[in-house]
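J.: Have a look at this one.
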Amino acid sequence: MTLSAKQHKQFQRIAQQVKCPTCNAQSVYESDTQESLHIRQEILRAIHLGYDDQQILIDVDKDRHTHEVLDQDLAPVVNVLVVVVLITTSVMRYRTLRFRSCREN
């Protein structure tokens, strides 16, 4: 995507205001993390769609919040799945050992 001089200044201004979600010490403009790259791409997309600074900052904030909520919501589900897999594996192993011992007797 090619930017006009005005759009490039808008991109710099916005990207320098948004903190990197990984390191928080740098802006997404300075950071090379995957998350910052993704946010920069979203900013560029919004600039090309004609959004103003405030609209873009609100969208970036909503997107970050959505990812945080999804990450928090998925953690308990993953934990439950891990426990289910461990229990199922243990039960199957017990049944296999019991079946073998019965066959030997």
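The values are calculated or read from the model by the stated rules, or taken from the named source; none is laboratory data. These figures come from a predicted structure and were not determined experimentally. Because the Cβ atoms are built from the backbone with ideal geometry, glycine has one as well, and the counts that use them run over all protein chains shown.
J.: Would you please name the residue that is surrounded by the fewest Cβ atoms within 10 Å (Cβ to Cβ), looking only at residues in the range 11-40 that are assigned to a helix (DSSP H, G or I) and within 18 Å of the chain's Cα centre (by Cα)?
T.: Here the answer is Gln34.
J.: If the requirement is being of a type in the set (Val, Ile, Thr), part of a helix (DSSP H, G or I) and free of Cβ contacts under 8 Å to residues at least 12 places away in the same chain, which of these qualifies: Ile58, Ile47, Ile43?
T.: Ile58
J.: Just give me the residues in the range 50-93 being touching a helix residue (DSSP H, G or I) at 6+ places or on another chain (Cβ under 9 Å) and at pLDDT 85 or above, in sequence order.
T.: Once the filter is applied, which keeps residues that are touching a helix residue (DSSP H, G or I) at 6+ places or on another chain (Cβ under 9 Å) and at pLDDT 85 or above, the range 50-93 yields Tyr51, Asp52, Asp53, Gln55, Ile56, Leu57.
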